[in-house]
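The values are calculated or read from the model by the stated rules, or taken from the named source; none is laboratory data. Just so we're clear, the structure is a prediction, and the values are computed from it rather than from any experiment. Note that we place each Cβ from the backbone using ideal geometry, even for glycine, and neighbour counts take in every protein chain shown.
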Amino acid sequence: DQQVKQNSPSLSVQEGRISILNCDYTNSMFDYFLWYKKYPAEGPTFLISISSIKDKNEDGRFTVFLNKSAKHLSLHIVPSQPGDSAVYFCAADSGGSYIPTFGRGTSLIVHP
Amino acid sequence: GAGVSQSPSNKVTEKGKDVELRCDPISGHTALYWYRQSLGQGLEFLIYFQGNSAPDKSGLPSDRFSAERTGGSVSTLTIQRTQQEDSAVYLCASSGFAGTGGGYTFGSGTRLTVV
């Protein structure tokens with residue numbers, strides 16, 4: 001039973017355009033959400049997070065949107081760059097857990 | 001060290017053998033996590049150590065899996081009598097405090113292949 005779902009295994013975008021990666025969750029206890037980026041043969045690296053008290057968090061080219069009523073979050077990358085090509089994992093945890101639950105990841109390819 | 005170090009980076013073992021995977025967390029980090037990523041799957045939680053507290057072993061898939069953390073620093077994940085379904089990338093992460101995943105730093109992982 002997947003509590004964090006990334007239904008698109010892959011996404012292809014042209015350089016300069018917007019990349020939108022989606023994530024859905026089922027556990028209403030989740031109150032903190034994170035995005036990680038992973039290059040081949042490397043460990044995941046933290047990208048951006050959002051608390052459930054917010055609906056948007058922005059960091060440079062990266063913005064995460066949270067829709068609690070829909071149990072949905074998305075990561076927007078604009079403008080997309082070839083160096084953004086990687087696997088992006090959505091993760092969620094609750095204040096009492098401290099153990100993030102990860103989705104299966106979405107492989108983003110940004111074409112020059 | 002500057003980051004989380006895992007060894008070996010790659011391990012090929014025969015079915016039925018035991019393997020040990022090592023994780024050196026960032027110095028001073030009190031929380032340590034083991035995850036694994038099987039082909040086409042997400043990161044699956046295995047075990048969590050926090051300071052001197054009893055570890056949270058709720059993610060270990062079977063009693064063939066065990067882990068320890070000596071002196072609150074280095075951790076070893078042991079898989080006994082390996083099976084082909086154990087083949088995965090095993091990732092270790094550490095954090096200076098529990099919660100808020102932005103504080104987790106992952107190692108590069110150990111790719112385990114059971115033949």
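So here's what we get for this one:
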{"read-out": "Single residue of the stretch A:82-111 satisfying the filter (in a loop (DSSP other than H, G, I, E, B) and of a type in the set (Gly, Ala, Ser)) that is farthest from the other protein chains (Cβ to nearest Cβ)", "value": "A:Ser85"}
{"read-out": "Strands (runs of 3 or more DSSP E) wholly inside the stretch A:6-81 that include at least 3 residues being more than 30 Å from B:Pro8 (Cα to Cα)", "value": "A:10-14, A:19-25, A:45-51, A:56-59, A:62-67, A:72-77"}
{"read-out": "Filter result for A:Asp24 (within 14 Å of another protein chain (Cβ to nearest Cβ), touching a residue at least 12 places away in the same chain (Cβ under 8 Å), among the acidic types (Asp, Glu) and surrounded by fewer than 18 Cβ atoms within 10 Å (Cβ to Cβ))", "value": "no"}
{"read-out": "Lone unmet requirement of (1) in a loop (DSSP other than H, G, I, E, B); (2) within 14 Å of another protein chain (Cβ to nearest Cβ); (3) within 28 Å of A:Gln6 (Cβ to Cβ) for B:Ala2", "value": "(3)"}
{"read-out": "Residue identified as out of contact with any Asp or Glu (no Cβ under 9 Å at 6 or more places or on another chain), closer than 25 Å to A:Gln3 by Cβ and either modelled with pLDDT of 95 or more or not polar (S, T, N, Q) (or both) among B:Ser66, B:Ser53, B:Ser87", "value": "B:Ser87"}
{"read-out": "Elements of type strands (runs of 3 or more DSSP E) contained in the stretch B:22-105, each with 2 or more residues being away from chain A (no Cβ under 14 Å) and in contact with a strand residue (DSSP E or B) (Cβ under 6 Å, 6 or more places away or on another chain)", "value": "B:65-69, B:75-79"}
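Quick grid of which residues meet (1) loosely packed, with under 14 Cβ neighbours inside 10 Å; (2) within 15 Å of the chain's Cα centre (by Cα):
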position: A:Ser28; (1), (2): yes, no
position: A:Ser51; (1), (2): yes, yes
position: A:Lys56; (1), (2): yes, yes
position: A:Phe62; (1), (2): no, yes
